[in-house]
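Trainee: Quick one: structure below, then a few questions.
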Amino acid sequence: MPIETNQYFFGNSLVNFSEGGAQTNLPYWLNQLTLEAGGTYDVNGGFGFLRQFADRLEPANEWGFQGITGQWDDDTERFADQAFSQVIITPGNFIQDLAPTANYPDGNISPVDATESILATVLTDQPNAQIFVYQGWSDLAAFSETFPPSESSIERYYDYNQEDYHTWFVDYVDTLNASTPDANITLIPVAPVLASLLEEGGPLAAISTTELFTDSAPHGTETTYFLASLITYQATNGEPAPASFDVPANIHPLVAENYTELLDYIEVQTTNYMDMVVPTPELEPETPVEETPEEETVDETPEEPIIAPEAAPPPEVTPDPAPLPAPEAEVVSPPEPELAPEDTPELEGSLEAERAPALELPPASDTNLEPPAEPETETETETETETETETETETETEMWRGQELEQGVTVADMMAAEALYCTPEQIAEAEAFYAAEQSGDLGFPTVPMSTFYAQESPYNDSEEDESAPLSASLKTIVTDIL
């Protein structure tokens, strides 16, 4: 029977990287694959993160794709007027340093809380839709300050996507299925399957990082989104993408050369990672019903005592999905405490301290500001203390672009934010402007700023390694505001 799919995405750039071109997105390729299989495909969606989605009165309809006519016209109809067959929720890829039930560092709501609000709308307006969670690949900036990263950094990155990062999503989905069993959420494990394809020894290990990603966010190339669509097709349709699909020339040739083998590999890997999610509570009542006759037949005691112990197993089975996230939440953060120091041995100060929780277990404290780990004498210790005091005093009076920074904000923080959201050309012009000699008559630099505001480059990373990436908490704040 032909597949008829009508999807709505609560998405971000790991689903739709609109600045990359017409084919750096999931829906374009899902449509091509579905048409090849003789089916139909429609899609609508909007950008945002979990808290933004939860705050909206109605989901946004912001997307359009080449060759696809979305079913929903929000000028004349509401979200509830549609009949989406699948609704897909996409969490951010940089919030996994804390458990899914832990509040965001700058708020009083957790990813699970925000998602439960989204589910309340979806279950009311789209009661017949299958609900999925899209697990996009993780933040690469947490593993390397520079792009492209070193070979050792990218291997640790692929390991993380298959281990702790995936564990976070398993805990997240299990918790939601326990708290909102009617949602019956299914995980789309793009990150771990993609990493297994690309890691050393994987079938696509020969594809270089720059042929897959364009920056440290990391936004992908056409090849990356095509591979993600093969995994998503398998997860949402329960079958591999059509083997007859003619892989176009703009996809890495290694994919076309091994296409049918890749479909088999993706089917097995996707199924394995999906099976890690605890089944929905709806299946639990079947267990006591099957066990009851067996125990009544074997046990010679009166029927009433047999029924009494039978009542106990259901409570023991029911809580299983809920407690799982708690013990595993400790493993959520990347376990390799040496990731950041190995890639950035020279980086010290408050920015590293902020980044540490995303890479170390247990989370780093303010003591990260003290690099020496082996004080030998009292004189050495006193010197360190004096240095810290001087550093704190200097931090309180640091200047940036001619203005005094607020307490707690460092020049490194501002440089990181500037590197993340400005192009190298914009940064260079800003530096030239503020480094120029002041005019005696005007009292400020007179370097022309002809193109400083001429370009928009959201999420661009500077190729020059002048700063460390934003911390997880600061990045969450900045991204949510934008």
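Trainee: Computed over the Cα atoms, what is the radius of gyration of the range 85-221 divided by 2.2 N^0.38 Å, N being its residue count?
Mentor: Values: Rg = 16.3 Å, N = 137, 2.2 N^0.38 = 14.3 Å.
The reported ratio for this selection is 1.14.
Trainee: Still on this structure, I have one more. Using a/c under 1.5 as the rounded threshold, could you call the range 174-272 rounded, prolate or oblate? The axes a ≥ b ≥ c are square roots of the C-alpha gyration tensor eigenvalues, and prolate needs a/b larger than b/c, oblate otherwise.
Mentor: Values: a/c = 2.14, a/b = 1.54, b/c = 1.39.
Since a/c reaches 1.5 and a/b is larger than b/c, the shape of the range 174-272 is classed as prolate.
Trainee: Evaluate 2.2 N^0.38 Å with N set to the residue count of the range 47-120, then give the Cα radius of gyration divided by it. Don't skip to the answer; put the middle values down first.
Mentor: Numbers: Rg = 14.6 Å, N = 74, 2.2 N^0.38 = 11.3 Å.
Rg over 2.2 N^0.38 Å, computed on Cα atoms: 1.29.
Trainee: What distance in nm separates the simple spin-label points at ASN272 and ALA432, each placed 7 Å from Cα in the Cβ direction?
Mentor: 5.3
Trainee: With an 8 Å cut-off on Cα pairs and a minimum separation of 6 or more residues, tell me the relative contact order of the range 51-197 in percent. Can you show the working numbers first?
Mentor: Numbers: 166 pairs, mean separation 38.7, N = 147.
This gives 26 percent for the range 51-197.
Trainee: Can you send over the solvent-accessible area of SER208, 1.4 Å probe, protein chains only, in Å² to the nearest 10?
Mentor: The value for SER208 is about 40 Å².
Trainee: Would you list THR24, THR124 from the most to the least accessible area, probe 1.4 Å?
Mentor: Working: THR24 5, THR124 105 Å².
In descending accessible area the options line up as THR124, THR24.
Trainee: Okay, next question. Quick check: Cα centre of the range 105-161 to Cα centre of the range 57-92, how many Å?
Mentor: 20
Trainee: How compact is the range 179-230 by the rule of thumb for globular proteins, expressed as Cα Rg over 2.2 N^0.38 Å?
Mentor: Details: Rg = 14.1 Å, N = 52, 2.2 N^0.38 = 9.9 Å.
The range 179-230 yields a ratio of 1.42.
Trainee: How big is the range 123-188 in terms of Cα radius of gyration and Dmax, in angstroms?
Mentor: 16.0, 47
Trainee: What does the convex hull of the Cα atoms come to per residue for the range 3-157, in Å³? Don't jump to the answer; show the numbers that get you there.
Mentor: Values: hull volume 21.9 nm³, N = 155.
For the range 3-157, the hull spanned by Cα atoms encloses 141 Å³ per residue.
Trainee: By accessible area of protein heavy atoms, probe 1.4 Å, what ranking do TYR233, TYR434 get, highest first?
Mentor: TYR434, TYR233
Trainee: For MET399, tell me the accessible area in Å² from a 1.4 Å probe, rounded to the nearest 10.
Mentor: Around 100 Å² of this residue is reachable by solvent.
Trainee: Please say if the range 1-81 is rounded, prolate or oblate, where rounded means a/c under 1.5 for a ≥ b ≥ c the square roots of the C-alpha gyration tensor eigenvalues, and otherwise the choice is prolate for a/b larger than b/c and oblate otherwise? Don't skip to the answer; put the middle values down first.
Mentor: On the way: a/c = 2.09, a/b = 1.35, b/c = 1.56.
Cα axes put the range 1-81 in the oblate bin.
Trainee: Would you tell me the accessible area of ILE3, worked out with a 1.4 angstrom probe on the heavy atoms of the protein chains, in Å² to the nearest 10?
Mentor: Taking all protein chains as shown, ILE3 has close to 30 Å².
Trainee: Between SER150 and GLN71, what is the label-to-label distance in nm when each label sits 7 Å out along the Cα-to-Cβ direction?
Mentor: Rounded to a tenth, the inter-label distance reads 5.1 nm.
The values are calculated or read from the model by the stated rules, or taken from the named source; none is laboratory data. Owing to the predicted nature of the structure, the values given are computational and were not obtained by experimental measurement. Heads up, the Cβs are rebuilt from the backbone with ideal geometry, glycines too, and the neighbour counts pull from every protein chain shown. Ligands, DNA and RNA are stripped out before the accessible areas are found, and what is left, the full protein with its side chains, is counted by its heavy atoms. Shrake-Rupley method; radii C 1.70, N 1.55, O 1.52, S 1.80 Å.
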